[in-house]
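Following: one structure in structure tokens, then a few remarks.
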2 protein chains.
Amino acid sequence: MSSTTTATDTTAATGARTDEAAALIGGARERIDALDDRIIGLIQERMAVSAVIQEARITSGGRRVNLSRETAVLSHYRDALGKPGTALAMTLLELCRGRV
Amino acid sequence: MSSTTTATDTTAATGARTDEAAALIGGARERIDALDDRIIGLIQERMAVSAVIQEARITSGGRRVNLSRETAVLSHYRDALGKPGTALAMTLLELCRGRV
């Protein structure tokens, strides 16, 4: 495969219209992939800690979910990320509630 | 305030029914708060890298969004976190598209 073909392929894969932009995007996507791996790892850690909390609360005779705490978490994400932060935190809380 | 009152307050705040569970939950919530701060920080970093990509692509004459790449990101989150992973990634992509 010639270098011209390779450059064209890269440009197509990144949606860029120049080789320079395609190269920049390729590198930045690697950074995004690394960030996503770290975000996913932290979410899985959050799910594990949340499971411990739920088990302790249920075992003590309480309920699985504590709504005032969930409201505080939603506010935390909204304050940091704006309106989509609320939607993101709602999905995160859904993930962390799990199915026990 | 007596120590009895304090223990009752803590129990109420955590939704636990015993002081032991309340203490465990209090500590675990601090871990969750620290995880949330790290998750939020990584998301903000992701938004910044994504903005660089979008600017490079648009400047080169391409489009802001690259749908095949977004599909790959959705799959990545779904593979790691199951069905709610897709919803979470959709919100994440919405956050990262921003309004330029």
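Here are the numbers for this structure:
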{"read-out": "Most mobile listed residue (A:LEU74, A:LEU42, A:LEU24) in chain A, GNM with C-alpha springs under 10 Å", "value": "A:LEU24"}
{"read-out": "0 to 90° range, to nearest 10: angle between helix A:67-81 axis and chain A longest Cα axis", "value": "30"}
{"read-out": "Nearest-first distances (nm) between copies at A:THR86, label 7 Å from Cα via Cβ", "value": "2.5"}
{"read-out": "Rounded to 10°, Cα long-axis angle of helix B:83-97 versus longest principal axis of chain B", "value": "60"}
{"read-out": "Cα lying deepest toward the dipole's positive end in chain A, options A:ALA13, A:ALA80, A:VAL65, charges on Cβ", "value": "A:VAL65"}
{"read-out": "For region A:39-100: rounded, prolate or oblate by the Cα gyration tensor [a/c cutoff 1.5]", "value": "oblate"}
{"read-out": "Shielding of A:31-37 by partner chains, average beta-carbon count, 10 Å", "value": "6"}
{"read-out": "Nearest 10 degrees, 0 to 90: helix A:3-14 Cα axis against chain A principal axis", "value": "30"}
{"read-out": "Principal axes of the protein assembly as shown: Cα extent on each, largest first, Å", "value": "77, 29, 19"}
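Since every read-out is calculated from the coordinates, none of them should be taken as a lab result. Quick caveat, the model's predicted, so the values are computed rather than measured. Positions of Cβ are backbone-derived with ideal geometry, glycine not excepted, and every protein chain shown enters the neighbour counts.
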